[in-house]
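Every number in this text was worked out from the coordinates using simple rules, so none of it is lab data. Bear in mind the structure is a predicted one, so any value in this text is a computation, not a measurement. As a convention, Cβ positions derive from the backbone with ideal geometry for all residues, glycine included, and neighbour counts pool all protein chains shown.
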Amino acid sequence: EAQVTQNPRYLITVTGKKLTVTCSQNMNHEYMSWYRQDPGLGLRQIYYSMNVEVTDKGDVPEGYKVSRKEKRNFPLILESPSPNQTSLYFCASSLRTGVQPQHFGDGTRLSIL
Amino acid sequence: GENVEQHPSTLSVQEGDSAVIKCTYSDSASNYFPWYKQELGKRPQLIIDIRSNVGEKKDQRIAVTLNKTAKHFSLHITETQPEDSAVYFCAASRPGGYQKVTFGTGTKLQVIP
């Protein structure tokens, strides 16, 4: 089944404790992206990747890091999480570019205390 | 950068009536405009999209129109049903080396039986 898989689905942690949210897709998609969803603000793009070793900032990259060492994986790293990063996070992928339909993962709800 | 505004933020309609959601964008180079539906607790899923070389696209009860000159696009849902109740997001993106995707802030549609 074609899918985007995120882990964990839920995480409660404390300020300053490094965490990684994994994202994997099995569709051989080139374009992958991370979004955060906050009430009233919609989906805001954090980072995107157009292919292996090619990443770029979205609208809200501060406090986040990403890497794309393999085509299928695109982890989101919070080196020193803070409470304002409490949010619902979605990973998404599309076949080749950002101008194509995106397939979303089921989301990761992060709470930073 | 791109800015996408979406209105209204909430919309209530009677079952069987039509619903219209409008988005405006700022970057004239944007050429791909998808619409996503997000049911409560679920991931966003593409319902329809349109490219800038097309003025209108229809899929059963759902249609999208695009006015490139005015830089706005709209989602039309006819004969609404309770299962249409969800949050709807518009988005815009452009081709080329910088492929950020910008979403609107969402419209919560409630279809009253």
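Values as computed for the structure displayed
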item: Rg/Rh (Cα only; Kirkwood hydrodynamic radius) as it applies to region A:28-67; result: 1.01
item: Cα gyration tensor, chain A - rounded (a/c under 1.5), prolate or oblate; result: prolate
item: Cleavage-rule hits, GluC sites (Glu not before Pro), region A:36-113, DSSP coil, Cβ neighbours within 10 Å at most 10; result: A:GLU53, A:GLU62, A:GLU70
item: Length released on extending from B:TYR98 to B:LYS57, taking residue separation times 0.36 nm less the Cα-Cα span; result: 12.1 nm
item: Förster-model FRET efficiency, 25 Å R0, B:GLU79 and A:ALA2, C-beta, rounded to 0.05; result: 0.25
item: Descending principal axes extents, the protein assembly as shown, alpha-carbon based, whole Å; result: 50, 38, 34
item: Cβ neighbours within 10 Å from other chains - mean over A:54-64; result: 2
item: 5 angstrom amide H check on B:THR105, placed H, neighbours 5+ away; result: B:GLN6
item: Taking chain A and dividing mean pair separation by its residue count, relative contact order in percent (alpha carbons under 8 Å, at least six apart); result: 36 percent
item: Inter-chain Cβ neighbour average for residues B:26-38, partner chain, 10 Å; result: 2
item: Inter-site label distance for A:VAL14 and B:SER26 at 7 Å from Cα along Cβ, in nm; result: 4.1 nm
item: Region A:83-102-region B:1-37 distance, computed between alpha-carbon centres (Å); result: 19 Å
item: Relative contact order %, chain B, counting alpha carbon pairs below 8 Å whose residues are six or more apart; result: 36 percent
item: Distant-in-sequence amide H partners of A:ASP106 (H built 1.01 Å from N, under 5 Å); result: A:GLN6
item: Estimated FRET transfer efficiency when R0 is 45 angstrom, pair A:THR97-B:GLN110 (beta carbons, to 0.05); result: 0.85
item: Neighbourhood net charge (11 Å Cβ-Cβ; Lys/Arg +1, Asp/Glu -1) for B:ALA63; result: +1
item: Sum of side-chain charges, A:PRO81 neighbourhood, beta-carbon under 9 Å (Lys, Arg +1; Asp, Glu -1); result: +1
